[in-house]
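J.: Please see the structure below; I have some questions.
The values are calculated or read from the model by the stated rules, or taken from the named source; none is laboratory data. These numbers come from a predicted model, not from an experiment. Cβ atoms come from the backbone with ideal geometry, glycine included; neighbour counts cover every protein chain shown. Just so you know, the surface numbers come from the protein's heavy atoms only, side chains and all, with ligands and any DNA or RNA stripped out. Shrake-Rupley method; radii C 1.70, N 1.55, O 1.52, S 1.80 Å.
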Amino acid sequence: MLVFLAGCGSGKEGVLVGDKAPDFSLPSDDGQLISLSDYKDRQTVVLYFYPKDNTPGCITEACSFRDRLEEYKAAGVAVIGISTDDAESHKDFRETHKLNFTLIADTKKKAVEAYGALSSLGFARRMTFVIDKSGIIRKIYPDVTPSGHASQVLGFIKSME
């Protein structure tokens, strides 16, 4: 299952539960090109969109996923964070906070827009998507509170088993 965290929309509808998750190919913090389709038929994905690296709420949210990552892995889930920051900013963010999951740079805002996660300020809004192995969106968290969110998402994933 895939879970993506994303920000809320910019007036664009985005996607709904039951929709096929939009695919993307974007650079990660370590320079690899990551595609959602890489996970199809292999893992559930938690995709989370967040506004900006190294800001208080984003640090809280990222560290909560970091701290629960072994539980996500045990459930067969990959966690991926996406923002409009560049790969170098993501690398610094990941290293500074010892993040143990992939961060993806969407500087052209293609995935952010496809998921309806673009804020009126041009950043990703805090929003999470749970995507199953077949690439279908199973849950959307449109208004994420950073503290406790990783536990909330994990609870949903465990209820799907």
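J.: List the residues, sorted by chain then number, that are 5 or more residues from residue 127 or on another chain and whose placed amide H is less than 5 Å from its amide H.
T.: The answer is 6, 7, 49.
J.: Taking all protein chains in place and a 1.4 Å probe, what share, in percent, of the accessible surface of the range 42-149 do carbon and sulfur account for?
T.: The nonpolar share, carbon plus sulfur, comes to 49 percent.
J.: In nm, give the distance between the simple-model label positions of residue 145 and residue 158, each being 7 Å from the Cα along the Cα-to-Cβ direction.
T.: 2.0 nm
J.: Quick one: which of 73/139; 110/158; 133/158; 52/109; 40/139 span more than 22 angstrom between C-alpha atoms?
T.: Beyond 22 Å: 110/158.
J.: Still on this structure: Using the Kyte-Doolittle scale, which helices in the chain average at least 0.0 and also have C-alpha atoms spread 30 Å or more along the helix axis, with helices defined as whole DSSP H runs?
T.: Values: long enough: none.
Once both thresholds are applied, nothing remains.
J.: If you roll a 1.4 Å probe over the heavy atoms of the protein chains, what accessible area per residue do you get for the range 61-161, in Å²?
T.: With all protein chains present, the range 61-161 gives 44 Å² per residue.
J.: Once fully extended, how much extra length lies between residue 35 and residue 133, figured as 0.36 nm per residue of separation less the alpha-carbon to alpha-carbon distance?
T.: 33.9 nm
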